[in-house]
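The values are calculated or read from the model by the stated rules, or taken from the named source; none is laboratory data. Quantities reported herein were computed from a predicted structural model and do not represent experimental measurements. Glycine gets a Cβ as well: all are built from the backbone with ideal geometry, and neighbour counts include every protein chain shown. Areas reflect the complete protein model, heavy atoms only, side chains present, ligands, DNA and RNA absent. Shrake-Rupley method; radii C 1.70, N 1.55, O 1.52, S 1.80 Å.
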Amino acid sequence: MMRGAVAGAEPGTFMPDWNAEPSTLYVVATPIGNLADLSARASEVLRTVTWVAAEDTRQTRKLMAHLGAGARLRSLHRGNEARTVPALVRSLRTTGASGALVSDAGTPLVSDPGRWLVEAALRAGIAVVPLPGPCAVVAALSVAGLDAARFVFEGFLPARAVARRRRVAELACETRTWAVYEAPHRIRALAGDIKEVLEPDRQVAWVRELTKRHEEAWRGAVGELDPERIPERGEFVVVVEGAGEEAGVPDQDLDAFLEPLLEAGLGVRTAAALARDCLGAAHKAAYARALALKR
């Protein structure tokens, strides 16, 4: 076990016991496209720290060159955290260095690596300072035209079709607005799942290439969503309207009402409408339960 390691902890989680005074780890949000979005404070920190831990040093090197910054770049990704994090924390504890954590774009740890470095630094008594800035999901929520007072961020949904569709069905009953990231080669499949699982009047938005030259956004009802017309280029954020707060019928009661109707051959929409009229259930919640039972 490495010096200072915590037994049974996940990779990168440890408690160093060096006695030197701790330095500072800065968690720096970087542009998701437009370099002008980098704050003056973030620029100054990246110019003055000893090292910058980056998910992809090739990508971060472009930013550092733009800033004229000479900090040493250290690779930090999910495949090397266990061996890299102890060395980075050691440098902070013993040399008085300051370091910065960045991701390829946006805010570190938001669907990006870096958790183990932050956790290890905190455990070691090192000051961890956030430098807020660009974040794709927050930017998408700000232009989606949906309720962003309360929302759920799911990161990337499962890549496999069955697991992804199951998760969309589970999210169908979520009362808060929910948002996901998706890769260009899977965006049409995800849009198809949303159109199949969610009721057609639910509102949805997708945005791609945020802050870049080819930035694009679409908003409308699920029924108007056409997966085949979504460009398979750029990184996507998909934002979906929540099911609302009306539902007050327990799932077991809703299932008991819906199952005989579905077994008798009624369609999902018809069964959901009857549950709404007879039980007072929210139509969106009843629709989602009926669809799940039908499957």
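Just a yes or no: is a residue in the range 142-163 under 10 Å from Glu241 (Cα atoms) and hydroxyl-bearing (Ser, Thr, Tyr)? Checked against the condition, which is being under 10 Å from Glu241 (Cα atoms) and hydroxyl-bearing (Ser, Thr, Tyr), the range 142-163 yields no hits at all. Within the range 261-281, the only residue that satisfies the criterion of being within 14 Å of Ala243 (Cα to Cα) and either at pLDDT 85 or above or touching a Ser or Thr at 6+ places or on another chain (Cβ under 9 Å) (or both) is Ala272. Selection of the range 179-194 for residues being assigned to a helix (DSSP H, G or I), out of contact with any strand residue (DSSP E or B) (no Cβ under 8 Å at 6 or more places or on another chain) and over 24 Å from His283 (Cβ atoms) yields Arg188, Ala189. Scanning for something modelled with pLDDT of 55 or more, assigned to a strand (DSSP E or B), within 26 Å of the chain's Cα centre (by Cα) and more than 13 Å from Gly133 (Cβ to Cβ), does the range 56-71 turn up at least one residue? No: the range 56-71 contains no residue that is modelled with pLDDT of 55 or more, assigned to a strand (DSSP E or B), within 26 Å of the chain's Cα centre (by Cα) and more than 13 Å from Gly133 (Cβ to Cβ). For Ala163, are the conditions met, namely being over 11 Å from Val238 (Cα atoms), in a loop (DSSP other than H, G, I, E, B) and modelled with pLDDT under 95? It is false that Ala163 is over 11 Å from Val238 (Cα atoms), in a loop (DSSP other than H, G, I, E, B) and modelled with pLDDT under 95.
Against the list (1) open to solvent by 40 Å² or more (accessible area, probe 1.4 Å); (2) over 20 Å from Glu196 (Cβ atoms); (3) within 28 Å of the chain's Cα centre (by Cα), the condition Phe257 fails is (3).
To keep it simple, each residue is scored yes or no on (1) without any contact (Cβ under 8 Å) to a residue 60 or more places away in the chain; (2) assigned to a strand (DSSP E or B); (3) surrounded by fewer than 23 Cβ atoms within 10 Å (Cβ to Cβ).
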| residue | (1), (2), (3) |
| --- | --- |
| Val110 | yes, no, yes |
| Leu117 | no, no, no |
| Leu122 | yes, no, yes |
| Pro130 | no, yes, yes |
| Gly133 | no, no, yes |
| Val138 | yes, no, yes |
| Leu141 | no, no, yes |
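Please determine whether any residue of the range 213-224 is closer than 21 Å to Pro31 by Cβ and at pLDDT below 95. Yes; the residues of the range 213-224 include at least one that is closer than 21 Å to Pro31 by Cβ and at pLDDT below 95.
Annotation note: Cβ proximity below 8 Å between a residue of the range 218-236 that is within 27 Å of Ala105 (Cβ to Cβ) and a residue that is hydroxyl-bearing (Ser, Thr, Tyr) and open to solvent by less than 90 Å² (accessible area, probe 1.4 Å) (sequence gap 6+ or interchain) occurs for Glu235/Tyr181; Phe236/Tyr181.
Answer with yes or no whether Thr107 is modelled with pLDDT of 95 or more and in contact with a helix residue (DSSP H, G or I) (Cβ under 9 Å, 6 or more places away or on another chain). Taking the combined requirement at face value, the residue satisfies it. Entry remark, the range 168-178: residues being out of contact with any helix residue (DSSP H, G or I) (no Cβ under 8 Å at 6 or more places or on another chain), assigned to a helix (DSSP H, G or I) and surrounded by fewer than 19 Cβ atoms within 10 Å (Cβ to Cβ) number 1 in total.
One residue is enough: does the range 13-31 have a residue meeting the conditions in contact with an Asp or Glu (Cβ under 6 Å, 6 or more places away or on another chain), closer than 20 Å to Val102 by Cβ and at pLDDT 95 or above? For the range 13-31, residues in contact with an Asp or Glu (Cβ under 6 Å, 6 or more places away or on another chain), closer than 20 Å to Val102 by Cβ and at pLDDT 95 or above: present. Please find, within the range 32-55, the residue that is nearest to Val137 (Cα to Cα) out of those that are part of a helix (DSSP H, G or I), touching a strand residue (DSSP E or B) at 6+ places or on another chain (Cβ under 7 Å) and open to solvent by less than 20 Å² (accessible area, probe 1.4 Å). Going through the qualifying residues, I end up with Ala42.
Yes or no, residue by residue, for (1) surrounded by fewer than 16 Cβ atoms within 10 Å (Cβ to Cβ); (2) closer than 18 Å to Arg229 by Cβ; (3) in contact (Cβ under 8 Å) with a residue 12 or more places away in the chain:
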{"residue": "Glu154", "(1), (2), (3)": "no, no, yes"}
{"residue": "Ala161", "(1), (2), (3)": "yes, no, yes"}
{"residue": "Arg166", "(1), (2), (3)": "no, no, no"}
{"residue": "Val180", "(1), (2), (3)": "no, no, yes"}
{"residue": "Ala191", "(1), (2), (3)": "no, yes, yes"}
{"residue": "Pro200", "(1), (2), (3)": "yes, yes, yes"}
{"residue": "Val204", "(1), (2), (3)": "no, yes, yes"}
